[in-house]
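> If you scroll down you'll find the structure; I have some questions about it.
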Amino acid sequence: MSSTHSYCAIGRRYYMLLRSLSASFRTHLRTRQISHHLSARPFASASFPPSSSPTTNSTPISRSFTKMSGLPDTIEAICIEKTGGFEVIEKKTLPFPKVDPGNVVVKVEYLGVNFIDTYYRQGLYPYKEFPAVLGKETSGTIVALPTDPNVLNNPDYIKAGYKVGGKVACDWLGSHATYASIPWLKVYPIAHDVSTRVAAAGLLQALTAVTFFEEAYEVKKGDIILIHTVAGGLGLLMAQLAKHIGATVIGTTSTKEKAELAKAHGADHVILYPVEDTVARVLEITNGEGVHAVFDGVGKDTFDNNFKLLRRKGTLVSVGNASGAVPPSPPIKLIEKNLKLLRPTMNNYVVTPEEVHYYNNKVWDLISSGVLKINIFKEYPFTAEGVQQAQKDLTGGKTTGKLIVKVQDA
């Protein structure tokens with residue numbers, strides 16, 4: 001080979017080496033630029049409260065992974081292995097729940113006990129698999145944030161101000177346990193002056209009262225409404241809210257003591273249904289016209305009589321099934337007075353980020369301002385026996401206000 005050809009070959013190899021080094025340098029430079037760009041983005045510092053600013057928590061993703069590494073391997077949970085009576089309720093040790101990238105992990109402090117817990121326990125509402133963790137109302141402290149960048153950069157997520165150590169209330173089926181992993185939209189930051197104890201007692205029923213009064217039937221000043229079981233947790237909140245709006249409130253309850261409690265919370269008239277004719281009393285109070293709307297959480301036992309005490313163009317809002325599910329009813333029953341019948345659920349009124357933000361703020365504002373006073377009837381221990389007793393008391397008509405279970409301190 002001639003010296004000329006040798007020099008050409010060396011030159012080509014040198015050229016290719018320089019080209020490779022140049023490409024590597026460009027890649028390195030671009031990586032540095034991207035890293036600098038991401039570190040300079042203000043998505044956390046611009047929107048989170050000062051306590052979660054980048055000076056203390058600079059990277060939400062790494063913060064979440066750090067927190068998750070310190071979580072226990074197991075949880076204690078209130079479960080059922082099958083549907084049935086109170087006796088199927090157990091407390092079991094289970095593996096720590098799956099933490100999806102869009103979930104908030106909460107260390108649970110209090111549980112709210114609701115009729116819907118009994119519906120799932122009895123099988124009226126189905127579980128997909130067993131063992132199934134009971135309950136859908138909890139409160140506690142955030143111990144880990146989502147890791148999904150799409151969530152962390154979501155304007156609605158940022159606006160909510162989630163932070164590790166923040167106090168929250170949650171609406172998520174299967175959360176009656178020491179820890180819960182919950183989609184962020186079902187985790188409600190609590191106002192600073194509301195305790196986790198009050199939040200667990202107030203979240204679901206306050207959301208139900210507010211959404212039903214705005215969307216199922218818009219309660220207005222001058223309306224006359226009937227609230228069945230007015231001395232229960234939801235009934236007391238509905239009575240207070242209706243009175244605040246300017247409506248006249250008629251309620252039903254079982255004892256004189258409960259009637260006095262309901263009147264102290266805004267009820268204008270209370271009917272003792274064991275000894276009084278509810279239909280006759282409502283028509284007497286309304287001069288034969290009937291009420292504008294009925295909010296009925298009893299179900300089967302009161303359903304048919306509601307049609308007799310509603311006025312023309314009135315609205316029946318079927319709220320629950322305390323006495324059993326309402327049997328099938330033909331639409332022709334509505335013709336006589338052009339009535340409206342709804343069987344709504346709060347969860348279908350609080351779906352979008354905008355709805356969650358609006359109703360979350362409204363509920364805590366009403367509680368903080370004293371318009372809605374949360375009445376806690378009793379606090380039960382975090383044991384199978386404690387939860388069994390809570391459900392017995394709730395379904396036995398022995399309670400006023402809300403029942404809660406204390407799980408652990410913060």
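The values are calculated or read from the model by the stated rules, or taken from the named source; none is laboratory data. Keep in mind that what you see is a predicted model, and the values were worked out from it rather than measured. So basically every Cβ, Gly included, is an ideal-geometry build from the backbone, and we count neighbours across all protein chains shown. Protein only, heavy atoms only, side chains kept; ligands, DNA and RNA dropped before computing areas. Shrake-Rupley method; radii C 1.70, N 1.55, O 1.52, S 1.80 Å.
> What percent does the relative contact order of the range 196-287 come to when contacts are Cα pairs within less than 8 Å and at least six residues apart?
The value is 22 percent.
> Still on this structure, I have one more. Compute the distance in nm between two label points, each set 7 Å from the Cα along the Cα-to-Cβ direction, one at residue 336 and one at residue 289.
With each label placed 7 Å out from Cα toward Cβ, I get 2.0 nm.
> In addition: Counting only the heavy atoms of the protein chains, how much of residue 310 is accessible to a 1.4 Å probe, in Å² to the nearest 10?
Per-residue accessible area (residue 310): approximately 0 Å².
> Could you give each residue of the range 252-269 its phi-based ³J(HN,Hα) in whole Hz, using Karplus coefficients 6.51, -1.76, 1.60 with θ = phi - 60°, and x for Gly or Pro?
Per residue, the Karplus-derived 3J(HN,Hα) values read 10, 7, 9, 9, 5, 4, 5, 5, 5, 4, 4, 5, 5, 10, x, 6, 7, 9 Hz.
> For the range 70-124 and the range 316-392, what is the centre-to-centre distance using only Cα atoms, to the nearest Å?
The range 70-124 and the range 316-392 have Cα centres separated by 20 Å.
> Additional query: Could I have the simple spin-label model distance between residue 197 and residue 96, label points 7 Å from Cα toward Cβ, reported in nm to one decimal?
Each label point lies 7 Å from its Cα, and together they span 2.9 nm.
> If you count, for each residue, the other Cβ atoms within 10 Å and average over each peptide, how do 114-127, 88-101 line up from highest to lowest?
114-127, 88-101
> Related question: What net charge is computed for the residues neighbouring residue 210, neighbours being all others with C-beta under 12 Å from the C-beta of residue 210, Lys and Arg scored +1, Asp and Glu -1?
-4
> Once phi is turned into θ = phi - 60°, what whole-Hz ³J(HN,Hα) does the Karplus curve with 6.51, -1.76 and 1.60 give for every residue of the range 245-251, x standing for Gly and Pro?
Using θ = phi - 60°, the values come out as 6, x, 8, 8, 10, 10, x Hz.
> For the range 100-237, report the accessible area per residue in Å² (1.4 Å probe, heavy atoms, rounded to an integer).
That works out to 32 Å² per residue.
> Which whole-number value in Å² is the accessible area per residue of the range 238-368, probe 1.4 Å?
Here the residues of the range 238-368 average 48 Å² of exposed surface.
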